[in-house]
Amino acid sequence: MNTCGIEIKGSEAILCLLSKQDGLFQIADCRQIRHTFNNPNDSESVRKFQFMLKKLFEDYKVSRVVIRERPTKGKFAGGAVGFKIEACIQLIDTVDVDLFSSTQIKEILKDNPFPVPFKSMGLKAFQEGAFTVAYAALSNA
């Protein structure tokens, strides 16, 4: 089962494709790991953004998407554009979408720590949040 972990930062969705088979995790290459939501006030732009993600999920045979949940209030609250991105992803009908809070992720990682250090995985540093949420989701399954 291919899983896509997503971390939303500002007007950008950062992706990491991960799968687990026979207890082994495999990081898949992705043609584009950062997707910027350029004009959130234009409905055509919203449709294009959603179509682009849906096409990516179909091309890489992603069956589950896991988004790192952002707080709605407080110092670290997510912005309006970020929640629009989240809604675009949740409305894609070809994948199952789950939200994982930071607390859930920490609990799962406590029982299932990374098998190797993140720096040795070959991912970009900005993908750590997306990888972590995908790893937590697959470890919890």
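The values are calculated or read from the model by the stated rules, or taken from the named source; none is laboratory data. Since the structure is predicted, the reported quantities are computational estimates derived from the model, not experimental observations. Here the Cβ positions follow ideal geometry from the backbone for every residue, glycine too, while neighbour counts run over all protein chains shown.
Please determine, by comparing only the residues of segment 60-78 that are at pLDDT 90 or above and β-branched (Val, Ile, Thr), which one is surrounded by the most Cβ atoms within 10 Å (Cβ to Cβ). Full working, then the answer.
The initial filter retains those residues of segment 60-78 that are at pLDDT 90 or above, namely 60-69.
Applying the additional criterion that residues be β-branched (Val, Ile, Thr) yields 62, 65-67.
Numbers: Val62: 25, Val65: 25, Val66: 27, Ile67: 22.
Among them, the one singled out is Val66.
In segment 103-122, what residues are surrounded by fewer than 16 Cβ atoms within 10 Å (Cβ to Cβ) and under 14 Å from the mean Cα position of the chain (by Cα)?
none
Here is a list of conditions, (1) within 24 Å of Asn140 (Cβ to Cβ); (2) touching a residue at least 24 places away in the same chain (Cβ under 8 Å); (3) within 13 Å of the chain's Cα centre (by Cα), and Arg34 meets all of them except one; can you say which number that is?
(1)
With the checklist (1) acidic (Asp, Glu); (2) within 22 Å of Ser101 (Cβ to Cβ); (3) more than 14 Å from the chain's Cα centre (by Cα) in hand, flag the one item Asp22 doesn't pass.
Every listed condition holds for Asp22 apart from (2).
Residue by residue, here is whether (1) more than 20 Å from Tyr135 (Cα to Cα); (2) crowded, with 18+ Cβ neighbours inside 10 Å; (3) of a type outside the set (Val, Ile, Thr) holds:
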{"residue": "Met1", "(1), (2), (3)": "no, no, yes"}
{"residue": "Ile6", "(1), (2), (3)": "no, yes, no"}
{"residue": "Ala13", "(1), (2), (3)": "no, yes, yes"}
{"residue": "Leu18", "(1), (2), (3)": "no, yes, yes"}
{"residue": "Gly23", "(1), (2), (3)": "no, no, yes"}
{"residue": "Ile27", "(1), (2), (3)": "no, no, no"}
{"residue": "Asp42", "(1), (2), (3)": "yes, no, yes"}
{"residue": "Lys48", "(1), (2), (3)": "yes, no, yes"}
{"residue": "Glu58", "(1), (2), (3)": "yes, no, yes"}
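Any idea how many residues of segment 79-95 are of a type in the set (D, E, K, R) and surrounded by 13 or more Cβ atoms within 10 Å (Cβ to Cβ)? Talk me through it step by step, then tell me what you get.
First, pick out the residues of segment 79-95 that are of a type in the set (D, E, K, R): 84, 86, 93.
Add one more test, that the residue is surrounded by 13 or more Cβ atoms within 10 Å (Cβ to Cβ), and what stays is 84, 86.
Qualifying residue count for the region: 2.
What are the residues in segment 2-24 that are among the hydrophobic types (A, V, I, L, M, F, W, C) and within 19 Å of Arg68 (Cα to Cα), if any?
Scanning segment 2-24 gives Cys4, Ile6, Ile8, Ala13, Ile14, Leu15, Cys16, Leu17, Leu18.
When residues of segment 47-67 are filtered for being under 16 Å from Ser11 (Cβ atoms) and within 18 Å of the chain's Cα centre (by Cα), how many remain?
5
Any residue in segment 93-100 that is in contact with a helix residue (DSSP H, G or I) (Cβ under 9 Å, 6 or more places away or on another chain), of a type outside the set (Lys, Arg), under 25 Å from Asn41 (Cα atoms) and free of Cβ contacts under 8 Å to residues at least 12 places away in the same chain?
Yes: segment 93-100 contains one or more residues that are in contact with a helix residue (DSSP H, G or I) (Cβ under 9 Å, 6 or more places away or on another chain), of a type outside the set (Lys, Arg), under 25 Å from Asn41 (Cα atoms) and free of Cβ contacts under 8 Å to residues at least 12 places away in the same chain.
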